[in-house]
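Okay, structure first, notes after.
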Amino acid sequence: MIDLLRRLLAPAPEPLTKPDAQLALAALLVRIARTDGLYAAEEVERIDRVLAHRHGLDPFAAAKLRAEAEALELQAPDTVRFTQALKAAIPLDDRSDLMTALWSVALADGQRDAQEDRLMRMVATLLGLTDVESAKARQKADRQE
């Protein structure tokens with residue numbers, strides 16, 4: 001985890017390895033969930049499901065990855081660096097699925113928050129997605145509820 005933080009803080013960060021990309025994504029999911037000041041059980045469960053589905057993890061491994069991500073997120077640099085690292089690690093075709101996963105966590109507690117909306121808008125832009133693509137991802141996440 002310390003190595004990942006060091007690389008994210010470097011002036012020209014190296015591309016992420018697969019395990020680091022998984023951890024960075026998990027930390028971004030945690031950051032999204034914590035944005036409104038409430039880290040609800042529904043959000044924790046959703047993060048675990050997203051990680052299990054996206055990375056083929058069993059529930060125990062997904063919970064372990066989330067726990068590591070919670071610690072990383074507390075020490076992590078700004079959201080911009082996380083998102084830029086993920087953008088470099090995830091092909092464009094997969095970023096809309098990533099945005100759907102992020103929206104599913106943001107919506108998991110049943111509340112829309114202005115801070116979450118601003119963060120989601122910024123993350124979508126940093127991932128190279130348009131507002132329309134982000135809105136479609138949100139709608140898809142809503143349907144999956």
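All of the numbers you see were taken from the coordinates with simple rules; none came from a lab. Because the structure is a prediction, the values reported are computed rather than measured. Heads up, the Cβs are rebuilt from the backbone with ideal geometry, glycines too, and the neighbour counts pull from every protein chain shown.
For the stretch 1-14, check the following and say yes or no: at least one residue is of a type outside the set (V, I, T), within 27 Å of R112 (Cβ to Cβ) and in a helix (DSSP H, G or I).
Step one: filter the stretch 1-14 for residues of a type outside the set (V, I, T), giving 1, 3-14.
Those left that are additionally within 27 Å of R112 (Cβ to Cβ): none.
No, the stretch 1-14 contains no residue that is of a type outside the set (V, I, T), within 27 Å of R112 (Cβ to Cβ) and in a helix (DSSP H, G or I).
Given the conditions (1) in a loop (DSSP other than H, G, I, E, B); (2) within 19 Å of L4 (Cβ to Cβ); (3) of a type in the set (D, E, K, R), and given that D36 satisfies all but one, which numbered condition is not satisfied?
Failing condition for D36: (2).
Restricting to the stretch 41-52, count the residues that are of a type outside the set (D, E) and touching a residue at least 40 places away in the same chain (Cβ under 8 Å).
Just the residues of the stretch 41-52 that are of a type outside the set (D, E), to begin with: 41, 44, 46-47, 49-52.
Now drop any that are not touching a residue at least 40 places away in the same chain (Cβ under 8 Å), which leaves 46-47, 50.
Summing the residues that are of a type outside the set (D, E) and touching a residue at least 40 places away in the same chain (Cβ under 8 Å) in the stretch 41-52 gives 3.
Which of the following residues is over 12 Å from the mean Cα position of the chain (by Cα) and in contact (Cβ under 8 Å) with a residue 60 or more places away in the chain: A89, A114, A85, A106? Talk me through it step by step, then tell me what you get.
Values: A114 fails: in contact (Cβ under 8 Å) with a residue 60 or more places away in the chain; A85 fails: over 12 Å from the mean Cα position of the chain (by Cα); A106 fails: over 12 Å from the mean Cα position of the chain (by Cα).
None of the others qualify; the one that does is A89.
Looking at the stretch 28-35, can you tell me whether even one residue there is without any contact (Cβ under 8 Å) to a residue 40 or more places away in the chain, surrounded by fewer than 20 Cβ atoms within 10 Å (Cβ to Cβ) and over 13 Å from the mean Cα position of the chain (by Cα)?
Let us first name the residues in the stretch 28-35 that are without any contact (Cβ under 8 Å) to a residue 40 or more places away in the chain, namely 34.
Restricting the remaining residues to those that are surrounded by fewer than 20 Cβ atoms within 10 Å (Cβ to Cβ) gives 34.
When the remaining residues are screened for being over 13 Å from the mean Cα position of the chain (by Cα), the result is none.
No, the stretch 28-35 contains no residue that is without any contact (Cβ under 8 Å) to a residue 40 or more places away in the chain, surrounded by fewer than 20 Cβ atoms within 10 Å (Cβ to Cβ) and over 13 Å from the mean Cα position of the chain (by Cα).
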